[in-house]
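Colleague: Below is a structure I'd like to ask you about.
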Amino acid sequence: MVEPAARVSVILGGTGSIGAAVARRLAGTGAALVLVYLQDRARAEAVAAELRGRTREVRLVEGNVADAVVHERIGRTVADLGGHCHNLVHSVGLTSFKPILRVRPNQWDLILEVSARSLLDAVSALAEPLAAAHGSVVAISSQGASRFIPGYGALGPAKAALESLVRQLACEMAPRAVRVNAVRAGLIESEVLQYFPTGMREAVVQRTPLGRLGTADDVAAVVEFLLGPAASWITGQVLEVDGGFSLT
């Protein structure tokens, strides 16, 4: 068993809506948090300041998760914190909000690299620390992985690739006692809503059996469950967290 003082949780997209909500929950476990973010230093520092004092340490790693050098920096940070990675959360995605036939080849490549391949890069870089901790990996997917969503021309296929990668990694990492799962999140209240077509929010609420959009913490609660010991016999799964929207 890994002692609590040695635990490290890495969150890609750790200062975004869902990533920060996960970080708040994991702060209560006493783990050191490694939050990976892109560009918005002020927001990252604000999230880190909120979390410091609630957990033993918070480290920030800035960079594009499509770049191998970022994963090298994450690996060095984990080594500096003791060499174990108890939790890895992948909460990043990128889209151009275009129909698929209007997505340029370079946009397509970048969206796939950020939204899907970066999970493989992260697990590859942290394979030994994850195995040493008998760790757990959770990736955040979206409903675009399994259904049409306007503007998700490239992100939908990328999230489908992410879910396939979760299943592959779950089987390949199982002999090393590492679990890999995904959460397929429905539409949540966040700044991303501004990029969706007018009226989509109201249409989704009307169609959702529970009658509301989700929150980042709704998703984070399920991530926390999948990371924890209560989910010790769950791997390779995609859990729908959408207020019942996928049933309609």
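The values are calculated or read from the model by the stated rules, or taken from the named source; none is laboratory data. All figures in this text were calculated on a predicted structure; none of them were measured in a lab. No Cβ is skipped: glycine too gets one built from the backbone with ideal geometry, and neighbour counts run over all protein chains shown.
Colleague: Within segment 204-223, is even one residue hydroxyl-bearing (S, T, Y), under 27 Å from E113 (Cβ atoms) and at pLDDT 95 or above?
Modeller: no
Colleague: Right, something else. Please specify each residue of segment 175-206 satisfying the condition of being surrounded by fewer than 20 Cβ atoms within 10 Å (Cβ to Cβ) and either within 15 Å of L88 (Cβ to Cβ) or among the polar types (S, T, N, Q) (or both).
Modeller: R176, A177, S190, Q194, T198, Q206
Colleague: Collect the residues in segment 158-205 that are among the basic types (K, R) and not in a helix (DSSP H, G or I), keeping them in residue-number order.
Modeller: Answer for segment 158-205, where residues must be among the basic types (K, R) and not in a helix (DSSP H, G or I): R179, R184.
Colleague: Something else: Could you tell me how many of the residues in segment 207-243 are loosely packed, with under 15 Cβ neighbours inside 10 Å and part of a strand (DSSP E or B)?
Modeller: 0
Colleague: Can you work out which of the residues in segment 89-141 that are within 17 Å of N64 (Cα to Cα) and of a type in the set (S, T, N, Q) is nearest to the chain's Cα centre (by Cα)?
Modeller: S91
Colleague: Still on this structure, please answer the following. I'd like to check something: does segment 87-105 contain any residue that is part of a helix (DSSP H, G or I), without any contact (Cβ under 8 Å) to a residue 12 or more places away in the chain, in contact with a Gly (Cβ under 9 Å, 6 or more places away or on another chain) and surrounded by fewer than 18 Cβ atoms within 10 Å (Cβ to Cβ)?
Modeller: No, the conditions are met nowhere in segment 87-105.
Colleague: Related question: Looking only at segment 60-84, how many residues end up being more than 15 Å from G13 (Cβ to Cβ) and either surrounded by fewer than 21 Cβ atoms within 10 Å (Cβ to Cβ) or in contact with an Asp or Glu (Cβ under 6 Å, 6 or more places away or on another chain) (or both)?
Modeller: So the answer is 11.
So that you can scan it fast, the table gives a plain yes or no per residue for (1) of a type in the set (A, V, I, L, M, F, W, C); (2) part of a helix (DSSP H, G or I); (3) at pLDDT below 95:
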position: N64; (1), (2), (3): no, no, no
position: R73; (1), (2), (3): no, yes, no
position: T77; (1), (2), (3): no, yes, no
position: V114; (1), (2), (3): yes, yes, no
position: S118; (1), (2), (3): no, yes, no
position: D121; (1), (2), (3): no, yes, no
position: S124; (1), (2), (3): no, yes, no
position: V137; (1), (2), (3): yes, no, no
